[in-house]
Ligand SMILES: N=CN[C@@H](CCC(=O)O)C(=O)O
């Protein structure tokens, strides 16, 4: 696990802003002291949730998207550590593991030109290498019996999450994806738009439900493909929130039925939430509270195996709001799970 950088006590001390008579989340979380044998260490610790950051832009670049997703993890940690520790937030069972260090890849990316086919192909090869690192860390966390909370990065990392969890559990897993896009693009080299098609083709993903795809941004080819597959189901944002022919809660129940017979992952693409800075930011989408209800609904189920929040691309101006959004989603997952 050569790319893992542990979140350590020194960094924790630097980021937690203590206040008299208050107890902050960061004062009660667990960190590891050694980078060796992560699986054994996690297995023997009384924690339930393991937070891991994937600060990379490579998958988004390789899909012709806008970069910025590498900053979401750091923006989130600063906020998460400083929420209150109280009867509603339960940091005791949370371990912040750290992040995979993709600085070299991000340096190489700076030299590539998105308008050159050859450079996009290079970025796609880099994504395949990133996949291997993601698979390995997610495998170890799930094998140790813990629930990973993964902060992206691009949606390319869904592939590593699914494969890592599937190998750890020795079965194909199911996924529910809150997303404006299917991310079921062709297997044309790895990028942020085909994490699910690759995982499906390789047998790591079984049932897949895409919640709230945007009708303007899904090609007829992809619709034809997913319409043919019984293990894939979806609804559209327009049917739920514009035409209102489908109800949000009823659709969540239908999606849960589709995926809950096996361990399943919860994928949240921030481009499905209106006005959130992301690679494919949109003025139209579900509001933040719908995203929170979504996480709560699915995390409540015993087969919920991981949470992945991705594609958020904060700037210096927006990092606090994005960090707060992701923190709300993380704590909703932890709370629903604890109940
Ligand atoms: N993960 C995002 N997938 C979208 C990206 C669209 C965009 O960046 O504009 C897709 O491939 O369609």
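So, of the residues in the stretch 178-218 that are surrounded by fewer than 18 Cβ atoms within 10 Å (Cβ to Cβ), touching a residue at least 12 places away in the same chain (Cβ under 8 Å) and outside any loop (DSSP other than H, G, I, E, B), which turns out to be nearest to the ligand (Cβ to nearest atom)?
Looking at the filtered set, the residue picked out is 217.
If I filter the stretch 118-164 down to residues being away from the ligand (no atom under 16 Å from the Cβ) and in a loop (DSSP other than H, G, I, E, B), which single residue comes out as surrounded by the fewest Cβ atoms within 10 Å (Cβ to Cβ)? Let's see the steps before the verdict.
Step one: list which residues in the stretch 118-164 are away from the ligand (no atom under 16 Å from the Cβ), which gives 118-119, 121-122, 125-126, 128-129, 132-133, 135-149, 163-164.
With the extra rule that they be in a loop (DSSP other than H, G, I, E, B), the set shrinks to 144-146.
Numbers: 144: 19, 145: 11, 146: 21.
It comes out as 145.
Quick check on my filter: what residues within the stretch 280-292 are in a loop (DSSP other than H, G, I, E, B) and either out of contact with any strand residue (DSSP E or B) (no Cβ under 9 Å at 6 or more places or on another chain) or away from the ligand (no atom under 15 Å from the Cβ) (or both)?
Initially, the stretch 280-292 is screened for residues in a loop (DSSP other than H, G, I, E, B), giving 280-285, 287.
Matches in the stretch 280-292: 281, 283, 284, 287.
So residue 115 passes all but one of these: (1) loosely packed, with under 14 Cβ neighbours inside 10 Å; (2) part of a helix (DSSP H, G or I). Which condition number does it fail?
Going through (1) loosely packed, with under 14 Cβ neighbours inside 10 Å; (2) part of a helix (DSSP H, G or I) one by one, residue 115 breaks only (2).
Any residue at all in the stretch 84-98 that is more than 14 Å from the chain's Cα centre (by Cα) and within 16 Å of the ligand (Cβ to nearest atom)? Working first, answer last.
Step one: filter the stretch 84-98 for residues more than 14 Å from the chain's Cα centre (by Cα), giving 84-98.
Filter once more, keeping what is within 16 Å of the ligand (Cβ to nearest atom): none.
Taking every residue of the stretch 84-98 in turn, none turns out to be more than 14 Å from the chain's Cα centre (by Cα) and within 16 Å of the ligand (Cβ to nearest atom).
Quickly run through the stretch 121-160 and pick out the residues that are within 20 Å of residue 280 (Cβ to Cβ) and free of Cβ contacts under 8 Å to residues at least 60 places away in the same chain. Write out each step before concluding.
So the first thing to find is which residues in the stretch 121-160 are within 20 Å of residue 280 (Cβ to Cβ), and the list is 123-124, 127, 130, 150-159.
Once the filter is applied, which keeps residues that are within 20 Å of residue 280 (Cβ to Cβ) and free of Cβ contacts under 8 Å to residues at least 60 places away in the same chain, the stretch 121-160 yields only 159.
Please go through the stretch 219-237 and give me each residue that is in a loop (DSSP other than H, G, I, E, B) and near the ligand (Cβ under 10 Å from one of its atoms), ordered by number. Break it down into steps so the answer makes sense when it comes.
Our first condition is that a residue be in a loop (DSSP other than H, G, I, E, B); within the stretch 219-237, this holds for 219, 229-231.
219 - this is the single residue of the stretch 219-237 that is in a loop (DSSP other than H, G, I, E, B) and near the ligand (Cβ under 10 Å from one of its atoms).
Being over 21 Å from residue 335 (Cβ atoms) and crowded, with 19+ Cβ neighbours inside 10 Å is the filter here, so list the residues in the stretch 79-105 that pass it.
Step one: filter the stretch 79-105 for residues over 21 Å from residue 335 (Cβ atoms), giving 98-105.
Listed by number, the residues that qualify are 98, 99, 100, 102, 105.
Could you please find all residues in the stretch 41-73 being within 16 Å of the ligand (Cβ to nearest atom) and not in a loop (DSSP other than H, G, I, E, B)?
Of the residues in the stretch 41-73, the ones within 16 Å of the ligand (Cβ to nearest atom) are 54, 56-70, 72.
Scanning the stretch 41-73 gives 58, 59, 60, 61, 69, 70, 72.
For the stretch 314-337, check the following and say yes or no: at least one residue is closer than 19 Å to residue 182 by Cα and surrounded by 18 or more Cβ atoms within 10 Å (Cβ to Cβ).
Of all residues in the stretch 314-337, those closer than 19 Å to residue 182 by Cα come to none.
The answer is no; no qualifying residue exists.
Is it the case, given these coordinates, that residue 152 is modelled with pLDDT under 95 and within 15 Å of the chain's Cα centre (by Cα)? Outline the logic, then answer.
Working: modelled with pLDDT under 95: yes; within 15 Å of the chain's Cα centre (by Cα): yes.
Yes.
Please verify whether the stretch 250-271 includes one or more residues that are under 14 Å from the mean Cα position of the chain (by Cα), at pLDDT 95 or above, in a helix (DSSP H, G or I) and under 24 Å from residue 153 (Cα atoms). Write out each step before concluding.
Going residue by residue through the stretch 250-271, those that are under 14 Å from the mean Cα position of the chain (by Cα) are 264-271.
The next check asks that each one be at pLDDT 95 or above; those that pass are 264-271.
Filter once more, so that each one left must be in a helix (DSSP H, G or I): 270-271.
From what is left, the residues that are under 24 Å from residue 153 (Cα atoms) are 270-271.
Looking through the stretch 250-271, at least one residue is under 14 Å from the mean Cα position of the chain (by Cα), at pLDDT 95 or above, in a helix (DSSP H, G or I) and under 24 Å from residue 153 (Cα atoms).
Could you please find all residues in the stretch 1-16 being in contact with a strand residue (DSSP E or B) (Cβ under 7 Å, 6 or more places away or on another chain) and assigned to a loop (DSSP other than H, G, I, E, B)?
At the first step, the residues of the stretch 1-16 found to be in contact with a strand residue (DSSP E or B) (Cβ under 7 Å, 6 or more places away or on another chain) are 3-7, 16.
Within the stretch 1-16, 3, 7, 16 qualify.
The values are calculated or read from the model by the stated rules, or taken from the named source; none is laboratory data. These numbers were taken from a predicted model, which means no experiment stands behind them. Because the Cβ atoms are built from the backbone with ideal geometry, glycine has one as well, and the counts that use them run over all protein chains shown.
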